[in-house]
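Following: one structure in structure tokens, then a few remarks.
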Amino acid sequence: MRLGILSRKSSLYSTARLKEAAEERGHRVRVIDFVRCTMTVASKRPVVRYLGESLELDAIVPRIGASVTFYGAAVVRQFEMMGVYTPAESQAIVRSRDKLRSMQLLARAGVDLPVTAFARSVKDTQGLVEAVGGAPLIVKLLEGTQGRGVVLAETRKAAESVIDAFRQLDANILVQEFIKEAGGSDVRAIVVGGRVVAAMERSAAPGEFRSNLHRGGAAEVTKLSKAEKRSAVRAAKAIGLSIAGVDLLRSDRGPLVLEVNSSPGLEGIEAATAVDVAGEIIEYVETHAHHDE
């Protein structure tokens, strides 16, 4: 199989592991910095060029960063027009990056979520706070990633001040209920082809409420309940992703999905679980891509 890994850097852990896993299975692999790709949009003759060369691939694995979602999704879409297989379609990548849209899709699919509210006007701040059951609550920037742009407001006054400050900056935010019983921990489940292949529990560093590993959080392997597995698989399916990282909270009312990530990092979960997640991904891609031996 001729496989392209769309990534800004070949040295990134996830990129390197995917390349290694694919080469071990005998595939021809190329890491492609997708922002250096050029596209020719023509009727029945779509082309993607990289460093002046026309690319001919059987499959791609997109690793599209949040800051370049628009262009990355456009490149993936061009490959789709060429009949190249991808486990993360362009539309699904865009859905996953829009927190409000993804929450709406998850809710429509019946996936349990923390109570979430959204409004535009600063005049509706009190209504937002009341909609999620009051303080403490979480305020999230729609464009934030890896815990950035996420604020815990412990009192109503603090919540109103944070919301109004974001509004003055014309920032789009979500307000979400705070799940106290989660204790600063969440679960990251990797879904590949409709099944959970690995899961870890992430715990926040002392004095921090965000469990992101980039913010000093710790991770350890965890066993998911049947309900947690069902929630993770349904969440990935609702967004349209064959491969996804699904973040869940363990609450008194069952698992609650926080987010669905179209380019989940592999380093933390492979280290915590000792599962060959990269190999699972490549195996799924090779069984679904149409290629010539």
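The values are calculated or read from the model by the stated rules, or taken from the named source; none is laboratory data. None of the values given here were measured: they were computed from a predicted structure. All Cβ positions, glycine included, derive from the backbone under ideal geometry; neighbour counts span all protein chains shown.
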Taking the stretch 148-182 and keeping residues modelled with pLDDT of 85 or more, closer than 23 Å to ILE269 by Cα and either part of a loop (DSSP other than H, G, I, E, B) or touching an Asp or Glu at 6+ places or on another chain (Cβ under 9 Å) (or both) leaves none
What is the residue count in the stretch 146-170 for residues that are over 20 Å from the mean Cα position of the chain (by Cα) and surrounded by fewer than 15 Cβ atoms within 10 Å (Cβ to Cβ)? 9
If LEU6 satisfies every condition in (1) out of contact with any helix residue (DSSP H, G or I) (no Cβ under 7 Å at 6 or more places or on another chain); (2) crowded, with 17+ Cβ neighbours inside 10 Å; (3) hydrophobic (A, V, I, L, M, F, W, C) but one, which is the exception? (1)
Residue that is farthest from ILE93 (Cα to Cα) [pool: residues in the stretch 251-265 that are in contact with a strand residue (DSSP E or B) (Cβ under 7 Å, 6 or more places away or on another chain) and assigned to a strand (DSSP E or B)]: PRO255
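To keep it simple, each residue is scored yes or no on (1) β-branched (Val, Ile, Thr); (2) at pLDDT 95 or above.
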| position | (1), (2) |
| --- | --- |
| SER11 | no, yes |
| THR15 | yes, yes |
| LYS19 | no, yes |
| VAL35 | yes, yes |
| THR38 | yes, yes |
| LYS44 | no, no |
Single match in ALA204, ALA289, ALA278, ALA218 (criterion: modelled with pLDDT of 95 or more and hydrophobic (A, V, I, L, M, F, W, C)): ALA278
Can you tell me which residue among LYS44, LYS19 is crowded, with 19+ Cβ neighbours inside 10 Å and of a type in the set (Lys, Arg)? LYS19
Could you tell me how many of the residues in the stretch 218-261 are without any contact (Cβ under 8 Å) to a residue 24 or more places away in the chain and among the hydrophobic types (A, V, I, L, M, F, W, C)? 1
